[in-house]
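Report on one structure; see the data block that follows.
The values are calculated or read from the model by the stated rules, or taken from the named source; none is laboratory data. Because the structure is a prediction, the values reported are computed rather than measured. Note: ideal-geometry Cβ built from the backbone for every residue, glycine included; neighbour counts use all protein chains shown.
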Amino acid sequence: MRHNMYVYILVMAVSIYVIRALPLTLIRRPISSRFIRSFLYYVPYVTLAVMTFPAIVEATQVPAAGAAALIAGIILAWLGAGLFPVAVSCCALVFILEWFL
Amino acid sequence: MPETHGRAALRGFRDGLPIGLGYLAVAFSLGIQAKHLGMTPFQGFLVSLLCNASAGEYAGFTAIAGSAALAELALVMLVANARYLLMSAALSQKFHPDTPFFHRLLVAFDVTDEIFGLAIARPGYLDPFYLYGAFILPLMGWSSGTALGIVMGSLLPARVVSALSVALYGMFIAVIIPPARKSRVVLLLVLISFALSWLCGVLPGLSSLTGSAKVIVLTLVLAGAAAALFPVEEEGGDDRAA
């Protein structure tokens, strides 16, 4: 069932605020469990990777352009390019490729 | 030696400028995603003003697109934003023990990867007013960029929208690849995540998983396995901060 958009927004805002506020207010010492620290360390990489592929290929009009953007983005980031140069290059590549494809 | 709160806020405001500009550009791409859900520009402005997260909001949008239950939406927000638990925990060490409690509550509002990077880079105890100053432009850039993406998304030619819609993924890639280059474990983890994420979409039994369920399940399983098999050393845990 589909809820009102403002209900969704409220749930999103409250959940994310709780995640940020709880450690800041409750945890005054570093987390001592090695497993939990390692788990929290690995979480963002899995989450972001899962959300990036295959979604990037499905986001563009021509799947091959999205795939090319993925590969180019990985190469640029590997070579040390920052957040915004990588993002802009991916956009530019898709824009150019979709002229031809 | 200590700066006044006003000076600290001004310094924060200045440091927030490049972050705000970058957010404006990337939030545009998030706005295009929000538009697919039928969000109005005001709703996009509101959700970005209240959440201040790229991957986090995107994960939430995925859940809404799948008409997820509210509990599932809350769960995917928890998982997709779990890294903020770690950042907030680290940030809690940066305040003087006498810092009033309400400052901790206010600072929690806008802990993002980039702001965390600024905060950790400051020497010594952190003046909360430095962060309040630093919040202003990134908050404005992020929320108005999202609204702009929703408005412009329908005005721009489809090919331009198609190109802009990969900006968000480009940013995700730029976050995960540098640590993957340094650590074989992270590299392997990223590749396995790509592969399983794709498999979940094509395997008959698994393709019924909604986008957000896929994010939750794969994150818990893969990050859990990695933590059990390759626990992070003391020093390694924090160097992904910026």
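Of everything in the range B:52-84 that is more than 7 Å from chain A (Cβ to nearest Cβ) and closer than 13 Å to residue A:44 by Cα, the residue that is surrounded by the most Cβ atoms within 10 Å (Cβ to Cβ) is B:76.
Filtering the range B:183-204 to residues that are modelled with pLDDT of 90 or more and within 7 Å of chain A (Cβ to nearest Cβ) leaves B:186, B:189, B:190, B:193, B:194, B:197, B:198. Considering B:96, B:103, the condition of being surrounded by fewer than 16 Cβ atoms within 10 Å (Cβ to Cβ), outside the structural domain of residue B:226 (by TED's automatic domain parsing) and touching a residue at least 24 places away in the same chain (Cβ under 8 Å) is satisfied by B:96 alone. The single residue among B:223, B:180, B:119 that is more than 9 Å from chain A (Cβ to nearest Cβ) and within 25 Å of residue A:33 (Cα to Cα) turns out to be B:119.
For residue B:124, the criteria (1) more than 17 Å from the chain's Cα centre (by Cα); (2) within 11 Å of chain A (Cβ to nearest Cβ); (3) surrounded by fewer than 21 Cβ atoms within 10 Å (Cβ to Cβ) hold in every case but one, which is (2). What are the residues in the range A:65-101 that are of a type outside the set (Phe, Trp, Tyr) and farther than 24 Å from residue B:59 by Cα, if any? Residues satisfying the conditions are A:75, A:76, A:79, A:80, A:81, A:92, A:93, A:96, A:97, A:98, A:101. Of note, residue A:101 satisfies the criterion of being of a type in the set (A, V, I, L, M, F, W, C), over 15 Å from the mean Cα position of the chain (by Cα), more than 7 Å from every other protein chain (Cβ to nearest Cβ) and surrounded by fewer than 16 Cβ atoms within 10 Å (Cβ to Cβ). Just one of (1) surrounded by fewer than 23 Cβ atoms within 10 Å (Cβ to Cβ); (2) in contact (Cβ under 8 Å) with a residue 24 or more places away in the chain; (3) under 19 Å from residue A:75 (Cα atoms) fails for residue B:184. It is (2). Considering (1) buried (at least 21 other Cβ atoms within 10 Å of the Cβ); (2) modelled with pLDDT of 90 or more, the lone condition that residue B:26 does not fulfil carries the number (2). Residues in the range B:36-51 that are within 7 Å of chain A (Cβ to nearest Cβ) and within 20 Å of residue B:137 (Cβ to Cβ): B:46, B:47, B:50, B:51. Looking at the range B:153-218, the helices (runs of 4 or more DSSP H) lying wholly inside it that each contain 1 or more residues that are of a type in the set (S, T, N, Q) sit at B:158-164, B:184-202. Being touching a Leu at 6+ places or on another chain (Cβ under 6 Å) and at pLDDT below 90 holds for only one residue in A:30, A:23, A:44, and it is A:23. In the range A:64-85, is there at least one residue being surrounded by 23 or more Cβ atoms within 10 Å (Cβ to Cβ), touching a Pro at 6+ places or on another chain (Cβ under 7 Å) and either facing chain B (nearest Cβ under 7 Å) or modelled with pLDDT under 90 (or both)? Yes, the conditions are met somewhere in the range A:64-85.
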